[in-house]
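Report on the structure given below.
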Amino acid sequence: MQGRGTFISPFPRPRCLAAAAPAGKAKLTHPGKAILAGGLAGGIEICITFPTEYVKTQLQLDERANPPKYRGIGDCVKQTVQGHGVKGLYRGLSSLVYGSIPKSAVRFGVFEFLSNRARDENGRLDSTKGLLCGLGAGILEAVFVVCPMETVKVKFIHDQTSANPKYKGFYHGVREIINAQGIRGTYQGLTATVLKQGSNQAIRFYVMTSLKNWYKGDNPNKAMNPLVTGTFGAVAGAASVFGNTPLDVIKTRMQGLEAHKYKSTLDCALKIMRHEGLAAFYKGTVPRLGRVCLDVAIVFIIYEEVVKVLNVVWKTD
């Protein structure tokens with residue numbers, strides 16, 4: 001006691017929590033780590049989700065004027081398995097495996113390169129800058145990897161619906177396409193692909209950045225477990241599906257075996273609208289939704305976990 005009514009505690013006053021454990025500056029991911037982690041994530045993901053991509057592409061190529069060959073998702077799977085066995089659902093997988101590794105490597109490498117320069121003094125990336133960095137990553141992955149990869153994949157899948165398929169495998173198919181059409185034959189639908197991939201990654205990284213900032217609050221280094229990462233990735237994937245499926249349909253038509261019917265990306269869009277109506281722009285939405293949500297969730301989970309391992313074995317600070 002000191003004086004009347006005054007009590008001095010024998011215990012020290014607790015410090016403010018923020019002062020005792022400052023959040024500090026967010027750790028940045030080295031682009032080299034992003035390339036390795038992204039490539040590994042992309043390769044694993046496509047092997048898991050390819051059948052949904054196959055069904056989506058078949059439904060988008062199934063024009064109403066033919067008339068339609070498939071009555072829906074289940075019918076597409078049924079006819080494919082009856083005609084080609086279960087392995088038929090994996091036709092064109094090789095082209096995506098060869099492309100998915102560099103695609104994800106470019107995507108995450110470019111995103112980390114751009115975002116490291118766009119972060120504030122505390123290492124925080126705001127949502128708008130996340131969108132712009134995602135846009136840049138999507139455009140570059142479209143030009144260098146996605147357009148030729150997707151063109152070959154769509155031609156392979158479309159070729160299977162022909163009475164006499166002419167592509168015997170990945171390398172044979174690529175050789176035949178280049179012999180017949182030159183390198184330009186692997187760059188059909190470039191404009192649509194750039195628009196699709198740019199908007200895809202802009203939407204996904206915008207949503208992912210927004211959700212991460214909300215979850216971490218004032219602590220940019222707060223750990224995220226795989227379940228949270230996967231949930232955020234699925235939400236980001238769903239947002240991108242509803243945001244740009246029309247571009248995906250146009251891209252698929254521009255890369256199919258009947259792409260010669262279209263003079264340009266705009267001409268393709270106008271012909272789809274004129275002959276098939278607005279609903280045609282959302283063909284394959286359901287299988288694409290399932291595939292993309294799973295795709296983005298898996299990719300972000302694997303990417304984040306591989307980066308954690310690389311941070312231990314590869315010191316870049």
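Quick look at the numbers
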item: Helical mean residue ellipticity (222 nm; -39500 (n - 2.57) per DSSP H run of 4+; nearest 500) of the chain; result: -23000 deg cm²/dmol
item: Relative contact order, percent, the chain [alpha-carbon distance under 8 Å, six or more residues apart]; result: 26 percent
item: Residue of GLY32, GLY189, GLY138 that the Gaussian network model of the chain assigns the largest fluctuation, springs spanning Cα pairs under 10 Å; result: GLY32
item: Solvent-accessible area of GLU276 with every protein chain in place, 1.4 Å probe, in Å² to the nearest 10; result: 10 Å²
item: Positive-pole candidate from VAL286, ILE302, ALA269, dipole of the chain, charges at beta carbon; result: ILE302
item: The range 66-109 residues near the modelled GLU258 label - backbone nitrogen below 18 Å, point 7 Å along Cα→Cβ; result: 66-72, 76
item: Heavy-atom SASA rank of CYS293, CYS268 (probe 1.4 Å, accessible area, largest first); result: CYS293, CYS268
item: Reach of LYS315 by Cα under 19 Å, taken over lysines that are not fewer than 8 positions away in the same chain; result: LYS25, LYS27, LYS33
item: Which of LYS308, LYS56 is most accessible, then next, and so on - probe 1.4 Å; result: LYS308, LYS56
item: Efficiency of FRET from Cβ geometry, ALA163 and LEU28, R₀ 51 Å, rounded to 0.05; result: 0.40
item: Cβ charges +1 (Lys, Arg) and -1 (Asp, Glu), total dipole of the chain, debye; result: 180 debye
item: Accessible carbon and sulfur surface of the range 87-171 relative to its total accessible area, %, 1.4 Å; result: 61 percent
item: Accessible area in the full protein assembly, largest first, 1.4 Å probe, for HIS172, HIS84; result: HIS84, HIS172
item: Modelled label reach - ALA180, point 7 Å along Cα→Cβ, the range 44-60 residues with backbone N closer than 19 Å; result: 58
item: Segment LEU266-PHE144, length gained on full extension (0.36 nm per residue, minus Cα span); result: 41.7 nm
item: Förster-model FRET efficiency, 30 Å R0, VAL286 and ASN221, C-beta, rounded to 0.05; result: 0.20
item: Around ALA297: net Lys/Arg minus Asp/Glu count, Cβ-Cβ under 13 Å; result: -2
item: Computed over the range 191-283: relative contact order in percent, which uses C-alpha pairs under 8 Å that are six or more apart; result: 36 percent
item: Solvent accessible area, Å² - GLU304, 1.4 Å probe, full protein context; result: 40 Å²
item: Label-point separation in nm, TRP214 to ILE48, each point 7 Å along Cα→Cβ; result: 2.3 nm
item: Solvent-accessible surface (1.4 angstrom probe) belonging to TRP314, in square angstrom, nearest 10; result: 90 Å²
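The values are calculated or read from the model by the stated rules, or taken from the named source; none is laboratory data. Values in this document were obtained by computation on a predicted structure and should not be read as measured data. Note that each Cβ is placed from the backbone with ideal geometry, even for glycine, and that neighbours are counted across all protein chains shown. For the accessible areas, the whole protein counts, side chains as well, though only heavy atoms, and no ligand, DNA or RNA atoms are used. Shrake-Rupley method; radii C 1.70, N 1.55, O 1.52, S 1.80 Å.
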